[in-house]
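Taking it in order: structure first as structure tokens, then the write-up.
The values are calculated or read from the model by the stated rules, or taken from the named source; none is laboratory data. This is a predicted model, so every value here is computed, not measured. Using ideal geometry, Cβ is built from the backbone for each residue, glycine included, and neighbour counts are taken over all protein chains shown. Protein only, heavy atoms only, side chains kept; ligands, DNA and RNA dropped before computing areas. Shrake-Rupley method; radii C 1.70, N 1.55, O 1.52, S 1.80 Å.
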Amino acid sequence: MRTPGPKTPGPRTPGRGALALLAATQLLLILDTAIVNVALPSIGEDLGAGAAGISWVANAYLITFGGLLLLGGRAADLLGHRRVFLAGLGLLAVASAVGALAADAGVLVAARAAQGVGAALAAAAAFALLLVLFPDGPARHKALGAFAAMGGLGGVLGTVLGGVLTDLLGWRSTLWLNVLAAVLLGALALRVIEGASSPQSAKSLDRPSTGGRGFDLAGALTGTGGLGLVAYALVGAAENGWLSAPTLGAGAGGLALLAAFAVVETRTARPLVPPAVLSRPALRRANILSALGQMTLFPMFFLVSVYLQSVLGYAPLGGGLGLLPLSLVVVAVAPQTGRLIFRLGLTRTMTLGFALLCAGTLWLALALTPDGGFLTTVLAPSLLLGVALPLVMVTTNVAATAEAAPEETGLASGLVNTSQQFGSVLGLAVLVAVATTSTESATAAARTDGFRAALLVGAVFAAVATTISVRLRMPTPTPAPTTPGPSGRTTVTTPHHGDHPTR
């Protein structure tokens, strides 16, 4: 009579604590993008800086954040996901403290650039941790829904908190909030992430990837430098003009470095971005769709807030609160996105999301009037956009990471985060330029015409994405090989999560 051996414990499912921690990190990083923007006028008055200098308080963060996401994701694979996550939060806290104590604009801009570095490391590692801790399927869809909800809520909370803190405690309090939040999240990560991991996923939390020994220094320098210069050109285009010497010079230099990066990656033994990864059609298309989605969504938040303030006469706080109904819809819909994917399939849900995004943006553009009100012009289309946002965000993230092997989670995170960040920056630069060139006078009617034209361009981006999403095809699952178990029974070797079919 055979004595049954000890039962092998199944993989532990990450608890709500890990998801709450990672989602809160996403909330903090998105909030930080918006909260300082509201405080910029107070910063300029306090530090005696002009409009050009103060604009770089926001731009420095965007450039380093966008330029280093890819490197941060790969560093997470090579050095350990939790280690890079904690390093990013630590740098964010220190840089925020330096900025809060800054006596002049130069120190503040440098601190904001360092904040962007910390945010890039933390964002890429947090997304990679999510992929490690939550396997492909309903659990990951739910986690990605939480990320989408926090992203949508972060922009609004940043606007609201920026106004409240600046009015009550001064602009420096917005940076001290970062310090407090980053320290708290870092302390929780030391306990929550390790406790939530399974024995399999724990291997990648603090240990370097065994398949990634060696570092592609040439790729890191050319890739990061190229992305940074392109980001510099995009954020400067709205201020200096698309044909200005700084914009053209930075853009040309960035594209040249990215071309050199492409050559380096084909010749190095340990590439930062293996060409085989980029050869995956579903991954390429998903990253393009992620960028297109942000090219419509991110500028829409900005344009609606400015319209409410500059045309309808709302205070800055009122402009932020005007986006609150949209954010509440995002929070309500995002957790249900996984169920919708299960019922309709990934491609159909994605196409539905982009179609709603196109319809909502078009509706909003046509509803704007110079003498309207929030209830008659903004509310209804913004609710439709609140439904579209999580559908677009969750499905594109699922598609962009479905093929990632365990040792590629940081890379997949860096790629999709970079696509989203550059989509946001590019969309904002293009749509703000359209809104500005369409405005020939300072009248409310002219400003409304400019906002309408910009939103119509955003609707075109969403329409293009809808067309592309229809053709998205996820890879078919690899059959699981069968191997004889130690007692003669047949066991099935489960393929990695990227091989699971996504409907």
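Results, tabulated for the structure shown:
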read-out: Neighbour net charge for L303 - beta-carbon separation under 11 angstrom, K R +1, D E -1; value: +2
read-out: Cα-based equivalent ellipsoid of the stretch 380-452: semi-axis lengths in Å, sorted from largest, via gyration tensor; value: 36, 16, 6
read-out: Percent of Cα pairs exceeding the 21 Å cut-off, where the set is the stretch 211-335; value: 62
read-out: Overall Cα dimensions of the stretch 299-438, principal axis frame, Å, largest first; value: 53, 31, 25
read-out: Evaluated over the stretch 45-107, the Cα radius of gyration and Dmax, each in Å; value: 14.7, 44
read-out: Given charges at Cβ of Lys, Arg, Asp, Glu: the stretch 20-148 dipole, positive-most of N59, L28, F127; value: F127
read-out: Residue-normalised accessible area of the stretch 61-157, given per residue in Å² at a 1.4 Å probe; value: 24
read-out: Overall Cα dimensions of the stretch 213-263, principal axis frame, Å, largest first; value: 43, 16, 10
read-out: Alpha carbon centroid spacing (whole Å) that separates the stretch 286-309 from the stretch 118-184; value: 18
read-out: Ranked order, Y61, Y314 - accessible area, probe 1.4 Å, largest first; value: Y314, Y61
read-out: Point-to-point label distance, T436-D167, nm (Cα→Cβ direction, 7 Å offset); value: 2.9
read-out: Solution diffusion estimate, µm²/s, Stokes-Einstein, the stretch 250-313, Kirkwood Rh from C-alpha pairs, 37 °C, viscosity 0.692 mPa s; value: 218
read-out: Summed residue charge, Cβ within 15 Å of N178's Cβ, Lys/Arg positive, Asp/Glu negative; value: +1
read-out: Per residue accessible area in Å² of the stretch 215-342, where ligands, DNA and RNA are left out and the probe is 1.4 Å; value: 43
